[in-house]
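Chemist: Supplied in structure tokens, the structure appears directly below.
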Amino acid sequence: MSATRSGSEPSAALLTAASLASQAAGQGTAMHAFCTQLYPMLRSITGQGVRDTLAAIGHHIPLTVTEVPTGTKIFDWEVPQEWVVRAAWIKGPDGRKVVDIADHNLHLVNYSAPFRGTLTLDELRPHLFSLPDRPDWIPYRTQYFKRDWGFCLTDRQLQALEPGSYEVCVDTDLVQGSMTFGECILPGDSTEEVLVSTHVCHPSLANDNLSGIATATWLAKTLAALPRRRYTYRFIFIPATIGAICWLSQRQDVTQRVAHGVVISGVGDGGQYHYKRSRRGNADIDRIMALMLAESGEAHEQIPFFPYGYDERQFCSPGFNLPMGCFSRSTYGSYPQYHTSADNLDFIRPEHLERSLQLLLTAFGMVERNGTYLNLSPFGEPQLGRRGLYSLIGGHNEGQKLQLALLWVLNQSDGTNSLLDITEKADLPFGLIHQAAEALLNCGLLGEGRTPV
């Protein structure tokens, strides 16, 4: 695709990074409300909770839902049986329920197999999980590939259990069903894609799950409203790990078109920002995210790729090696609330969600505007004054910066350097380099180049 507009098509159809980011203003409250709507749903790697979550997302953005049947081979894995939950509780010696999934989704170990029986406290204890150092929090535990059952409870609840007989009900099933994922595809001028992924498998965890879902949904909603997009955007809402492997196995043709990608998770808390680079280490998306964070003024840290964490490790596995990093505030496992009941709706804040949306929109604005151009008057510096370019220059300091940006763009636009390349070389803001390029395009000093990948 051309890096410049064709004919008289208005450049404004592709928004600047700053103007795109401004559309995040005031969205935090709605995003938090969406998290509140999703919080009670009992999600896992399969099952109705995922479908209900995707249905809620589909009220905001166009979403296609895919079901992959149990037993389907997905590389070295296969789609597991679907988990069905009807009830789960423990009754104490006095006949009262001491633990009940109806009180909190985290009370049942995720993917617990069915069980009914009466046990002594000593027999029951190996199936109970708590956090002694956080006595009022419920841990989140899973056992996807081990056919067993268990309950999570606060340590205060555990310590209060008295000797005697306990009636246990785990009314669940593992059945021939499917694994479910959702996709929102926003066509652009190019068939090359920007891939955005977030996981949808955690029950009642606000930061490590719902913040990513809400942010990805609002990103898609904002981009869907644009009159024009350079790239095609594909948002995928998938179960973690095995869901990413499942999506990759089902969409191998799509992976050939991925030019940029970001995994979003944990963006609703108050921690500093983190960006984990792709396996490639210096993909354009890695450079854009680094530049965006540097220009944001936010405290942040860049992390080199390592093969653990969220689904970036699946997208960056050597067979695919996609240009995908991971964007978060506090990283997984780095805050005490992680994978506990304390990761609740009070832990995430509307202003944090909104700021994360704003930063990602800024980055995507850079992705959209990162064209490569050709200087059409390359023999010496062209005369800028007679083309009215000095009229763009205001005060002394800012005027000098814009003049310098104009000269940088002219000098580097030989058909090989993108605006990102020029920004890094010039040590000037991306928005200023883009402003200079637009001015030079409008007066005919720049011509068609290519779109960097």
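The values are calculated or read from the model by the stated rules, or taken from the named source; none is laboratory data. All values derive from a computational prediction rather than experimental measurement. Here Cβ is always computed from backbone atoms with ideal geometry, including for glycine, and neighbour counts include all displayed protein chains. Just the protein is used for accessible areas: all its heavy atoms, side chains included, with ligands, DNA and RNA removed. Shrake-Rupley method; radii C 1.70, N 1.55, O 1.52, S 1.80 Å.
Chemist: Which condition from (1) at pLDDT below 95; (2) at positive phi is the one that Ser204 breaks?
Modeler: It fails just one condition, (1).
Chemist: Can you tell me which of Gly26, Gly47 is in contact with a strand residue (DSSP E or B) (Cβ under 6 Å, 6 or more places away or on another chain) and on the phi > 0 side of the Ramachandran plot?
Modeler: Gly47
Chemist: Among the residues that make up region 360-367, is at least one of them touching a residue at least 12 places away in the same chain (Cβ under 8 Å), open to solvent by 10 Å² or more (accessible area, probe 1.4 Å), assigned to a helix (DSSP H, G or I) and of a type in the set (A, V, I, L, M)?
Modeler: No: zero hits.
Chemist: Right, something else. Name the single residue that is least open to solvent (accessible area, probe 1.4 Å) among those in region 47-85 being under 23 Å from the mean Cα position of the chain (by Cα), polar (S, T, N, Q) and closer than 16 Å to Gln250 by Cβ.
Modeler: Here the answer is Thr66.
Chemist: Got a sec? Which strands (runs of 3 or more DSSP E) wholly within region 244-346 have at least 2 residues that are open to solvent by 10 Å² or more (accessible area, probe 1.4 Å) and under 28 Å from Gln27 (Cα atoms)?
Modeler: Answer list for region 244-346: 273-276, 300-303.
Chemist: In contact (Cβ under 8 Å) with a residue 40 or more places away in the chain and under 24 Å from Ala259 (Cβ atoms): which single residue out of Leu389, Leu441 fits that description?
Modeler: Leu441
Chemist: Further question on the same structure: Give region 154-169 a look and list any residue that's open to solvent by less than 40 Å² (accessible area, probe 1.4 Å), aliphatic (A, V, I, L, M) and more than 18 Å from Ala113 (Cα to Cα), or say none.
Modeler: Once the filter is applied, which keeps residues that are open to solvent by less than 40 Å² (accessible area, probe 1.4 Å), aliphatic (A, V, I, L, M) and more than 18 Å from Ala113 (Cα to Cα), region 154-169 yields Leu158, Leu161.
Chemist: Okay, next question. Inspect all residues belonging to region 146-153 and state whether any of them is surrounded by fewer than 17 Cβ atoms within 10 Å (Cβ to Cβ), out of contact with any helix residue (DSSP H, G or I) (no Cβ under 9 Å at 6 or more places or on another chain) and in a strand (DSSP E or B).
Modeler: Within region 146-153 (the criterion being surrounded by fewer than 17 Cβ atoms within 10 Å (Cβ to Cβ), out of contact with any helix residue (DSSP H, G or I) (no Cβ under 9 Å at 6 or more places or on another chain) and in a strand (DSSP E or B)), the answer is no, since none of the residues qualifies.
Chemist: On to the next question. Across region 103-126, which residue is nearest to the chain's Cα centre (by Cα) among those that are open to solvent by 40 Å² or more (accessible area, probe 1.4 Å) and more than 21 Å from Gln159 (Cα to Cα)?
Modeler: Pro114
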